[in-house]
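The values are calculated or read from the model by the stated rules, or taken from the named source; none is laboratory data. Owing to the predicted nature of the structure, the values given are computational and were not obtained by experimental measurement. Heads up, the Cβs are rebuilt from the backbone with ideal geometry, glycines too, and the neighbour counts pull from every protein chain shown. SASA here: full protein model, heavy atoms, side chains in, ligands and nucleic acids out. Shrake-Rupley method; radii C 1.70, N 1.55, O 1.52, S 1.80 Å.
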Amino acid sequence: MNKTIKQEEYTKLIRKHVGDNGHVFFYWKGRIALYALLKSMGIGKGDEVILPAFSCVVVPNAILYIGATPVYVDIEPDSYNASFKNIEAKVSPKTKLIICQNTFGLSVDVDAITDYAQRKGIYTIEDCTHGFGGSYNNKPNGSWCDAAFYSTQWNKPFSTGIGGISLLNNLKLQDKLEAINAGLIKPSFTEVQMLSALIFIRKNLVSTSNYWLLLKLYRWLSKYKLVIGSSGGDEITGTAIPSGYFKAASNAQFREGIKNIKQLPEILERRKVNSKIYTDFLKLHNKTYVNEKWHNNHSFLKYPILVKNRHDFILKAEAAEIELGEWFCSPLHPVPETELYKWGMNISEFPVALNMSRHILNLPTDTMNVEKVIAFITQNIDLIL
Ligand SMILES: *Cc1c(COP(=O)(O)O)cnc(C)c1O
């Protein structure tokens, strides 16, 4: 594939955040990067892939699209992520890959998991869609595993509207991955135009006082599938690969990435500062908080809280103009609990993930006005668990 000048420039900027090893590749979305990586590892029918039972449905989708079997692991209440201990308990002779998920900015136990997997001859991929720019024990997120993938979808660490990146650290897989990438379909002119429109709307969402009005417009457009948002209908109703899935990135994404990645260091810093404030506050009020032992290795894309009644809490937040996130409102977001069996998940096996998904909301960590968020949660402290 010919590399454009924009792509070269974008690659250089990305490399500053992900370490000096490995190779960077681009895709239309993060999930497509995962799909390409799975294929490059030769994973297929009869193979098992371990992942947390608290993720985005597009992750098990990629596993199912290549004919492999997702094996879910319950999460821990203080990290919202699967521990090494629980992952190890699920390893079988069929295990070919462990997905280490960076959840809200934290790749829990990625050191222990990669160490173990290497000894066992099991591949590892870091789902770094929440973790771009952060680190674990001073090593960049994404540099620990055989490979990692990142998302630049609109709510991720930095955005290109939608977009995906893979980082290949195990260079033995390079030829295979490049051969697979050669099969990427070019996005159509219309798709690139729609993406550019989406980027335009989003930019105006953050920079004008019409935020809430435009957010409603955006949601309305998404509902009627007029914007290419996160997950299309096919991807959340079943496990067959949608047509035209394996799509390449476009220059529009490279241009947008070059602009937005430059603000990342400042935003990452603010996320850490605000999250410490949230932790101190929640701890003081005896509420569920992210254990301080994780803070050093956490980049806090979102700050998870648990509330008694999510619907009521969201209405109050909208009235107060507090922008909350809703990840992950299902163990495989956004699939309803009753449909999870289609993804091979028996929810009774994952009590922690199930409970968290029923009560979770996320506080904004990049806000310039953390006092406003604290004032809001102070007022509604009885609704928080
Ligand atoms: C957003 C997300 C993805 C997928 O990223 P896309 O770019 O939307 O494909 C994968 N895993 C997790 C945990 C995510 O939150």
(request) Please provide three numbers in whole Å: the alpha-carbon extents of the range 1-118 along the principal axes, with the largest listed first. (result) 46, 33, 26
(message) Quick check: pseudo-label points 7 Å beyond the Cα along Cα→Cβ at N138 and Q193, how many nm apart are they?
(response) 5.3 nm
(request) Starting from the Cα of N296, step 7 Å toward the Cβ, then list every residue of the range 256-288 with an amide N under 18 Å from that point. (result) 272-273, 276
(request) Find how much the distance from D382 to N251 grows on full extension, using 0.36 nm per residue of separation minus their present alpha carbon separation; answer in nm with one decimal. (result) 42.3 nm
(message) Run the paramagnetic zone check for N355: 7 angstrom along Cα to Cβ, then residues of the range 76-115 with backbone nitrogen under 18 Å.
(response) 76-83, 86
(request) For the chain, report the accessible area per residue in Å² (1.4 Å probe, heavy atoms, rounded to an integer). (result) 44 Å²
(request) Classify the range 144-216 as rounded, prolate or oblate, taking a ≥ b ≥ c as the square roots of the eigenvalues of its Cα gyration tensor: rounded when a/c is under 1.5, otherwise prolate if a/b is larger than b/c and oblate if not. (result) oblate
(request) Mark the label point 7 Å from the Cα of A89 along Cα→Cβ and return the residues of the range 329-355 whose backbone N is within less than 17 Å of it. (result) 346-355
(request) Note the full-extension length gain between I267 and N286 as 0.36 nm times their separation in residues minus their Cα-Cα distance, in nm to one decimal. (result) 4.0 nm
(message) Between T160, T190, T237, where does the largest GNM mean-square fluctuation fall for the chain, given springs only between Cα atoms within less than 10 Å?
(response) T190
(message) Quick check: net charge around F132, other residues with Cβ under 13 Å of its Cβ, Lys/Arg +1 and Asp/Glu -1?
(response) +2
(message) At 222 nm, what value in deg cm²/dmol follows for the chain if DSSP H runs of at least 4 each add -39500 (n - 2.57) and the sum is divided by all its residues, to the nearest 500?
(response) -12000 deg cm²/dmol
(request) Could you work out how far apart the two model spin labels at A179 and K216 are, taking each label as a point 7 Å from the Cα in the direction of the beta carbon, and quote it in nm? (result) 5.5 nm
(request) Taking the Cα centre of the chain as origin, work out the dipole magnitude from +1 charges on Lys and Arg Cβ and -1 charges on Asp and Glu Cβ, in debye rounded to 20. (result) 760 debye
(message) Let me check something: with ligands and nucleic acids excluded, how do R255, R202 order by accessible area (1.4 Å probe), largest to smallest?
(response) R255, R202
(request) Using only the Cα atoms, work out Rg/Rh for the chain, with Rh taken as the Kirkwood radius, to two decimals. (result) 0.94
(message) Can you sort F200, F25 by solvent-accessible area, 1.4 Å probe, largest first?
(response) F200, F25
(request) Keeping the other protein chains in place, figure out the carbon and sulfur percent of the accessible area of the chain, with a 1.4 Å probe. (result) 53 percent
(request) At most 12 other Cβ atoms within 10 Å and a DSSP loop assignment: could you name the trypsin sites (Lys or Arg not before Pro) in the range 3-33 that fit? (result) K3
(request) Please report how far the C-alpha centroid of the range 64-103 lies from that of the range 349-368, rounded to the nearest whole angstrom. (result) 19 Å
